[in-house]
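The structure appears below as C-alpha cells.
Coordinate-derived values only; no laboratory data. Computed from a prediction, not measured in an experiment: that's the story for all the values here. Here the Cβ positions follow ideal geometry from the backbone for every residue, glycine too, while neighbour counts run over all protein chains shown.
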Amino acid sequence: TPTPPIEDDEIILLLESLDNPKDDKRHQVVERAKEWSFAVKLMATYGLRPIEVQHLEVRRNGKDTLWCTYSKRTSAGGTEARRLFPLHPTWEKNWELIKKVKNKAPLPRMKAGAAEAFKNYMRFNSKWKELKNKGCSGYSFRHSYAMRGHLEYRFHPRELCVMMGH
C-alpha cells in the first residue's frame, strides 16, 4: 500500500524542527540536522527517492538546472538521468537548492542505505514521530509530490511519471 502523503504545512513544521534543534546545541548535532534538513527539502521539492539526494548535479542549459543521475534498476530496465522540476518554485528559490547542490553543501551520510539512514536519524524527531504514526516514511515525500502535482497543479499522471523518473 502506498505511504500517505505529507501535507505542505507538515513539511514546514518538520523542517523547522530540523533547522532549530532545541535540546542540543552541540556543533555536530546542529550540523547533522542541517544536512537532514537539506535532504528533506530536496525530497519534498522534487519528489525524490531518499537515495536520489546523493545523485544530483547542476547542468547549464541557458540557466542552471538540477538533474538526478541515479539509475534505478529493475527487471524491466533502468531509469535515465532526468531534469528535476519543483512543483513549488518558491521552495527551490527560497531554500537556494540549486546553489547548494552546485556548491556541494553537505548531505547526510547514508552507509546503511538511504531509507534506513533516514529512518534511523528521524526516529528521535518529535515531528517525524507524529508523521510516522500516520504511516509516513521517507518515501512519503515522493507521494506528496505526486499528489501535489496531480491535485494542485493538474499534471496528467503520465507527465508526473516522467518528472519522477518512472
Starting from the Cα gyration tensor of the stretch 27-105, take the square roots of the eigenvalues, sort them a ≥ b ≥ c, and report rounded, prolate or oblate (rounded when a/c is under 1.5, otherwise prolate if a/b is larger than b/c, else oblate). oblate
Given contacts defined as C-alpha pairs under 8 Å and at least six residues apart, what's the relative contact order of the stretch 1-123, whole-number percent? 21 percent
Any chance you could run the full-extension gain for K93 through R60? It's 0.36 nm times the residue separation minus the Cα-Cα distance, nm to one decimal. 10.2 nm
Name the shape class, rounded, prolate or oblate, that the alpha-carbon gyration tensor gives for the stretch 35-161, where a ≥ b ≥ c are the square roots of its eigenvalues, rounded holds for a/c under 1.5, and otherwise prolate holds if a/b is larger than b/c and oblate otherwise. rounded
If packing is taken as the average number of other Cβ atoms within 10 Å across a peptide's residues, how do 151-162, 33-44, 52-63 rank, most packed first? 33-44, 52-63, 151-162
Multiplying the sequence separation of D9 and A81 by 0.36 nm and subtracting their Cα-Cα distance, what value in nm do you get? 22.9 nm
Given H placed 1.01 Å from N in the peptide plane, which residues other than close sequence neighbours of L84 have an amide H under 5 Å from its amide H? L66, W67, C68
Of the listed pairs K34/K127; K41/K119; K41/K63; K99/K134; K102/K134; K63/K132, those with alpha carbons more than 26 Å apart are K99/K134; K102/K134; K63/K132
Which ³J(HN,Hα) values, rounded to whole Hz and listed in residue order, are derived for the stretch 151-163 from phi using the Karplus coefficients 6.51, -1.76 and 1.60 in 6.51 cos²θ - 1.76 cosθ + 1.60 with θ = phi - 60°, glycine and proline given as x? 7, 8, 9, 6, 6, 6, x, 5, 5, 5, 4, 5, 4
Starting from the Cα-Cα distance between K119 and H150, subtract it from 0.36 nm times their residue separation and give me the gain in nm to one decimal. 8.4 nm
FRET efficiency for V29 and K134 from the Cβ-Cβ distance with R0 = 25 Å, rounded to 0.05, comes out at 0.45
Can you work out the FRET efficiency for the pair W67 and R109, with r the C-beta to C-beta distance and R0 = 25 Å, to the nearest 0.05? 0.65
What does the charge count near E52 come to, summing +1 for each Lys or Arg and -1 for each Asp or Glu among other residues with Cβ under 12 Å from its Cβ? +3
Between beta-carbons, use under 13 Å as the cut-off and find the net charge around E35, counting Lys and Arg +1, Asp and Glu -1. +4
Do the sum for the chain: with -39,500 (n - 2.57) for every DSSP H run of n ≥ 4, divided by all residues, what is the mean residue ellipticity at 222 nm, to the nearest 500 deg cm²/dmol? -14000 deg cm²/dmol
Within the set of other residues whose C-beta is less than 14 Å from the C-beta of K72, count the net charge using Lys and Arg as +1 and Asp and Glu as -1. +2
